[in-house]
1. Looking at (1) within 16 Å of the ligand (Cβ to nearest atom); (2) within 28 Å of residue 126 (Cα to Cα), can you tell me which one residue 53 breaks?
2. Restricted to segment 330-339, and to residues that are surrounded by fewer than 24 Cβ atoms within 10 Å (Cβ to Cβ), modelled with pLDDT of 95 or more and part of a loop (DSSP other than H, G, I, E, B), which residue is farthest from the ligand (Cβ to nearest atom)?
3. Scanning for something out of contact with any strand residue (DSSP E or B) (no Cβ under 8 Å at 6 or more places or on another chain) and within 16 Å of the ligand (Cβ to nearest atom), does segment 349-368 turn up at least one residue?
4. How about segment 225-237: which of its residues are out of contact with any strand residue (DSSP E or B) (no Cβ under 6 Å at 6 or more places or on another chain) and buried (at least 17 other Cβ atoms within 10 Å of the Cβ)?
5. Take segment 1-30 and flag every residue that is farther than 13 Å from residue 203 by Cβ, buried (at least 24 other Cβ atoms within 10 Å of the Cβ) and away from the ligand (no atom under 16 Å from the Cβ).
6. Of everything in segment 340-371, what is in a loop (DSSP other than H, G, I, E, B) and closer than 27 Å to residue 210 by Cα? Give them in sequence order.
7. May I ask you to list pairs of residues, at least six apart or on different chains, whose Cβ atoms are under 6 Å apart, with the first in segment 30-59 being more than 20 Å from residue 369 (Cβ to Cβ) and the second being in a helix (DSSP H, G or I) and within 13 Å of the ligand (Cβ to nearest atom)?
8. Any idea how many residues of segment 31-51 are surrounded by fewer than 22 Cβ atoms within 10 Å (Cβ to Cβ) and within 16 Å of residue 336 (Cβ to Cβ)?
Ligand SMILES: [Zn+2]
């Protein structure tokens with residue numbers, strides 16, 4: 001059994017400059033990321049399960065909030081939606097002090113009862129892997145489980161090698177954390193270098209000890225510099241957002257529009273198609289990405305690389321101040337860009353294709369891991 005490694009957000013355009021020095025025996029290929037974020041991408045790559053089958057696309061799904069106190073508080077605090085800083089501050093205070101979780105995020109109170117947080121991260125807890133056949137028989141080390149340091153995870157990995165354990169699955173979050181704090185370029189490269197070297201030193205030790213075993217490293221997406229934040233003001237064109245007419249969810253780069261009437265939906269679709277910032281998914285693309293469920297939006301609009309929504313509901317940053325260095329979740333299109341993910345393989349049995357889409361990457365992962 002091989003060594004299988006997942007590194008969240010390890011960009012192909014970064015790795016292609018480094019990998020020949022880090023692992024001279026390795027093959028590297030680009031992987032085009034699917035739409036969405038880690039909470040849905042990991043499951044697609046490793047379990048071949050897509051949003052339609054899981055009932056979740058972006059973390060917040062249009063599904064009535066089950067917690068009564070959240071629904072009541074949302075109703076009471078609705079007036080704060082019209083006082084922007086107070087709305088944001090009150091949601092932060094509720095989340096930090098009372099709920100101690102991302103309960104309200106940055107969702108306007110009047111829409112909050114309509115949504116539930118359904119995001120589930122595969123690699124945040126080893127229990128999630130117990131029922132997934134692909135991980136059966138693997139020793140698992142997850143950096144995001146309990147927010148462990150890279151050094152701590154590498155110690156555990158090296159210890160496994162010393163105890164002659166070959167079947168290892170490692171998952172790392174360091175590249176995603178670094179990417180969200182700085183723009184692509186010298187600083188990003190310098191910050192990533194130390195961690196990537198540490199990982200590849202471990203890979204070299206495994207390779208030396210178990211020369212016959214395959215080593216596969218995959219990332220879910222890359223990292224692209226955030227260039228511009230945009231506000232798509234549908235209210236100016238289509239009137240006030242309301243559950244009775246239309247409303248839209250937006251996070252970093254994805255907007256999901258819910259419209260009750262077909263005619264209005266068509267007009268909003270035509271408007272979104274005319275914008276230069278992003279791409280409106282066609283029905284066949286929704287099928288390809290497994291997001292046909294209307295609870296994911298009657299319309300799904302994904303921003304092009306480098307654009308982020310100014311009025312982001314996700315709630316980590318204050319309204320109008322989302323300048324986080326780099327990010328992902330953008331519309332990818334064809335070809336290679338900083339958001340392109342990586343597939344790296346050390347194997348005497350097989351070679352990589354020149355370019356991967358998610359379904360082929362899943363087949364490769366399955367075939368290597370279940371060897
Ligand atoms: Zn990320």
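The values are calculated or read from the model by the stated rules, or taken from the named source; none is laboratory data. Predicted model, so just to flag it, every value in this text is computed and none were measured. With ideal geometry, Cβ positions are generated from the backbone for all residues, glycine too; neighbour counts draw on all protein chains shown.
1. So residue 53 meets the others, but not (1).
2. Pass one, segment 330-339, residues surrounded by fewer than 24 Cβ atoms within 10 Å (Cβ to Cβ): 331-338.
Right, trim to modelled with pLDDT of 95 or more and you get 331, 336-338.
If we keep only those that are part of a loop (DSSP other than H, G, I, E, B) as well, we get 336-338.
On the way: 336: 19, 337: 16, 338: 13 Å.
Step by step, filter segment 330-339, then rank; the result is 336.
3. No: zero hits.
4. Let us first name the residues in segment 225-237 that are out of contact with any strand residue (DSSP E or B) (no Cβ under 6 Å at 6 or more places or on another chain), namely 227, 231-237.
Matches in segment 225-237: 232, 234.
5. Correct list: empty.
6. Quick first cut of segment 340-371, residues in a loop (DSSP other than H, G, I, E, B) only: 340, 347-355, 357, 371.
Of everything in segment 340-371, those that are in a loop (DSSP other than H, G, I, E, B) and closer than 27 Å to residue 210 by Cα turn out to be 347, 348, 349, 350, 351, 352, 353, 354, 371.
7. Final answer for the pair search is 51/40; 59/39.
8. Residues in segment 31-51 being surrounded by fewer than 22 Cβ atoms within 10 Å (Cβ to Cβ) and within 16 Å of residue 336 (Cβ to Cβ): 1 in total.
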